[in-house]
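Below: one structure, written as C-alpha cells.
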Amino acid sequence: MPHLKHLAPLIIAAMLAACGEEKAPAARGPSEVSVIQVLAQETPITYEYTAQTESSQLVEIRTRVSGFLDKRTYKEGSVVKAGQTLFQIDKKPFEAQLAAAHGELSAQKARLSVAEATLARVKPLVEQNALSKKDLDDSNGNERTAQAAVEVARANVLTAELNLGYATIKSPIEGLASFAKVQDGSYLNANSQEALLTTVGALDPMRVNFSVSENEILKYREKIAKGILKVPPQDNFVIEVVLSDGTVYSEKGHITFADTSFSQGTGTMLLRAEVANPKGSLVPGQFVRARLIGATYPKGIVVPQKAIQQSGQGYFVWIMDKDNKAQVRPIEVGPWMADQWLVQHGLNGGESLIVDGFMRLAPGAPVKVVTPAPAAAPVASPTPSK
C-alpha cells in the first residue's frame with residue numbers, strides 16, 4: 001500500500017481545491033436600472049394660503065330720526081337691492097311737522113309781502129319830505145327781517161321733508177342684509193346705540209384676506225434676486241379660491257391691497273384680493289384657500305417622486321454618471337407637483353436620473369439601463385406650495 005501514501009497529499013489538495021471553488025462567490029454583473037433624462041425648463045409654481053372672505057363694502061344701517069318702528073320690511077339674511085326699504089318708522093309725527101313748517105313758511109311770506117308794500121309806500125313819501133329818513137330805515141329793516149324769516153321757514157320745511165324721508169330707511173347698496181337688531185314697535189333713539197338697526201354687506205366683488213409670514217416673504221425676495229424665481233410684472237398674480245370641500249371657485253381675482261407693515265403680534269403681512277361674485281356664491285366669513293398663480297422657475301427641474309429618497313441627512317437621488325456608474329447626489333426639494341417633485345438644488349439639466357432598481361445600488365457600482373424612461377417634464381397644474 002505504499003503507493004497510497006504517495007497519493008494522499010494529491011487527493012487532499014484536490015479536495016481542498018474543490019471546496020475552495022464551491023465557496024468562491026460568482027462575479028456580479030451591473031445592476032439593472034431605469035433612468036430618465038433630467039430636463040431643466042420653465043416650471044409653473046403656485047402658492048397657497050389659508051384665507052377668509054370679507055364683504056367689499058359693509059354698511060351699517062342706522063336711524064337718523066327718533067320715533068317708533070312700524071315694521072321691518074325685508075327678510076333677514078336675504079339679498080336686498082339698492083334703494084329697497086328695510087325699516088319703516090311711524091310717519092305721522094313727521095308729516096305733522098312738515099305741515100307746520102309749510103304753514104310757517106306761508107305766514108312768513110305774507111309778512112314779507114306786507115313789509116315790501118310798506119317800503120314801496122314809504123320811499124316816495126320820504127323823497128317828498130312827508131316822512132323822515134328814520135321811517136325809511138325802519139321799513140328797510142322790516143323788509144330785510146321778513147326776507148330772513150322766509151329763508152328760515154324754507155329751511156324748516158326742508159328739514160321736515162328730510163326727517164319725513166328718513167322715516168323710511170332704505171339700503172344704500174345691494175348686498176346681504178343681516179338680522180334686525182330691533183323689533184317692530186320699538187322706540188328708536190337716533191342718538192343712542194339703538195340707532196344701529198342692521199348691516200348690509202356687498203357680495204360683488206368679494207374680498208379674500210390672507211397673511212404671509214415674514215420668512216416666506218424674505219425667501220421669496222431672495223429667490224427673485226438670484227433669478228431662481230420669476231414673478232408676474234408688478235406682482236400681478238392671478239388669485240384662485242378653493243372652497244372648504246376642495247371645489248375651485250369659478251371666478252379668478254387679483255391682489256388689490258398689501259399692508260405696509262408686518263403685524264407685531266403674528267409677524268405676518270396682510271394681503272387682500274378681490275374676486276367677482278355675481279351669483280353670490282361666496283358669502284362673508286367663509287374660510288377658503290387662496291392660490292397665487294403666475295410665478296415660475298425659469299430653470300425648474302421636476303422629477304418623479306419615486307426617484308427621491310430620504311435619509312437622516314436629508315433627501316437624495318441616484319444618478320448614472322458618464323461611466324455608467326451609480327452616484328449618490330444630495331438634493332434640496334421644493335413642493336410636490338401632482339406625482340412629481342420640484343428639485344430646487346442638486347440636479348442639473350441633461351443628467352441621467354435613476355428612477356428604479358435601487359436595491360442593489362452602491363456608490364461607484366456599475367449600472368445597466370434596461371428600461372429607459374422618457375425625460376421628466378413639469379406638469380401643467382402644479383400642486384400648490386405653501
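Against the chain, whose longest principal axis is taken from its Cα atoms, helix 133-166 shows a tilt of about 40°. The long axis of helix 2-23 is offset from the longest Cα principal axis of the chain by roughly 10 degrees.
Explain nothing, just the number: dipole magnitude of the chain about its Cα centre with +1 on each Lys and Arg Cβ and -1 on each Asp and Glu Cβ, in debye rounded to the nearest 20. Before the final figure, lay out each step's value.
Numbers: 40 positive and 39 negative charges, 119 e Å.
The calculated dipole for the chain is roughly 580 debye.
Residue-wise HN-Hα couplings along the range 343-355, as the Karplus relation 6.51 cos²θ - 1.76 cosθ + 1.60 with θ = phi - 60° gives them from phi, are 9, 8, 8, x, 10, 10, x, x, 6, 9, 9, 7, 10 Hz; Gly and Pro carry x.
Of Leu58, Leu158, Leu229, which has the most accessible area and how do the rest follow, probe 1.4 Å?
Numbers: Leu58 120, Leu158 95, Leu229 10 Å².
Solvent-accessible surface, decreasing: Leu58, Leu158, Leu229.
Roughly speaking, what is the stretch gain from Asp184 to Asn215, that is 0.36 nm per residue apart minus the C-alpha to C-alpha distance, in nm to one decimal? Walk me through the numbers before you get to the answer.
On the way: separation 31, 0.36 × 31 = 11.16 nm, distance 5.37 nm.
Difference between extended and current length: 5.8 nm.
Each Lys and Arg contributes +1 and each Asp and Glu -1, all at the Cβ; summed about the Cα centre of the range 229-345, the dipole is approximately 240 debye.
Residues in the range 203-213 carry Karplus couplings, in order, of 9, 10, x, 10, 7, 10, 9, 8, 10, 10, 6 Hz; the curve used is 6.51 cos²θ - 1.76 cosθ + 1.60 with θ = phi - 60°, and Gly or Pro positions show x.
Compute the relative contact order of the chain as a whole-number percentage, counting only Cα pairs closer than 8 Å that sit 6 or more residues apart in sequence. Show your work: numbers first, answer last.
Numbers: 778 pairs, mean separation 112.0, N = 386.
The normalised contact order for the chain reaches 29 percent.
Using the per-residue mean of other Cβ atoms lying within 10 Å as a proxy for protection, in what order, highest first, do the peptides 91-98, 356-363 fall?
On the way: 91-98: 16.0, 356-363: 13.5.
In descending order of packing, they fall as 91-98, 356-363.
Annotation for the range 108-167: trypsin sites (Lys or Arg not before Pro) lying in DSSP loop with at most 12 further Cβ atoms inside 10 Å of their Cβ do not exist.
In a reduced charge model with +1 at each Lys and Arg Cβ and -1 at each Asp and Glu Cβ, the range 90-219 shows a dipole moment near 280 debye about its Cα centre. Label-to-label distance, Val370 versus Lys123, with points set 7 angstrom from Cα along the beta-carbon direction: 12.1 nm. One entry in [x] 1.01; [y] 2.07; [z] 1.36 is Cα Rg over 2.2 N^0.38 Å calculated from the shown coordinates; its label is [y]. Among the trypsin sites (Lys or Arg not before Pro) found in the range 192-255, those both in a DSSP coil and sparsely packed, with 13 or fewer other Cβ atoms within 10 Å of their Cβ, are Lys226. Each of Ala130, Asn156, Thr198 was scored by the projection of its Cα onto the charge dipole of the range 91-244, and the greatest displacement toward the positive side belongs to Thr198; charges sit on the C-beta of Lys, Arg, Asp and Glu.
Which sequence of Glu351, Glu32 reflects their accessible areas, 1.4 Å probe, from the largest down? Intermediate results must be reported in sequence, preceding the final value.
Details: Glu351 40, Glu32 115 Å².
Ranked from most to least accessible, the order is Glu32, Glu351.
Note on Ala99 and Arg64: the model spin-label points, each 7 Å out from Cα along the C-beta direction, lie 2.4 nm apart.
Give me the percent relative contact order of the range 224-306, please, defined on Cα pairs under 8 angstrom at least 6 residues apart.
Working: 112 pairs, mean separation 32.6, N = 83.
Relative contact order comes out at 39 percent.
Projected label points at Trp336 and Gln193, each 7 Å from Cα along the beta carbon direction, are separated by 5.0 nanometres. At 1.4 Å probe size, with the rest of the protein present, what percent of the exposed accessible area of the chain is carbon and sulfur atoms? About 54 percent, which is the carbon plus sulfur part of the accessible surface.
Name the residue from Gln313, Thr247, Ala40 whose Cα lies farthest towards the positive end of the charge dipole of the chain, charges +1 on Cβ of Lys and Arg and -1 on Cβ of Asp and Glu. Result: Gln313.
Taking amide H atoms as placed 1.01 Å from N in the peptide plane, the amide H of Phe237 lies under 5 Å from those of Ile255, each 5 or more residues away in sequence or on another chain.
Could you work out [θ]222 nm for the chain from helices alone, using -39500 (n - 2.57) per DSSP H run of at least four and dividing by all its residues? Round to the nearest 500 deg cm²/dmol. Display every interim value, and only then the final one.
Details: 4 runs with 104 residues, N = 386.
Helix-only estimate at 222 nm: -9500 deg cm²/dmol.
The values are calculated or read from the model by the stated rules, or taken from the named source; none is laboratory data. Everything numeric here is computed off the predicted structure, so don't read it as measured data. Neighbour counts run over all protein chains shown; Cβ positions are idealised from the backbone, glycine included. Note: areas computed on protein heavy atoms with side chains; ligands, DNA, RNA excluded. Shrake-Rupley method; radii C 1.70, N 1.55, O 1.52, S 1.80 Å.
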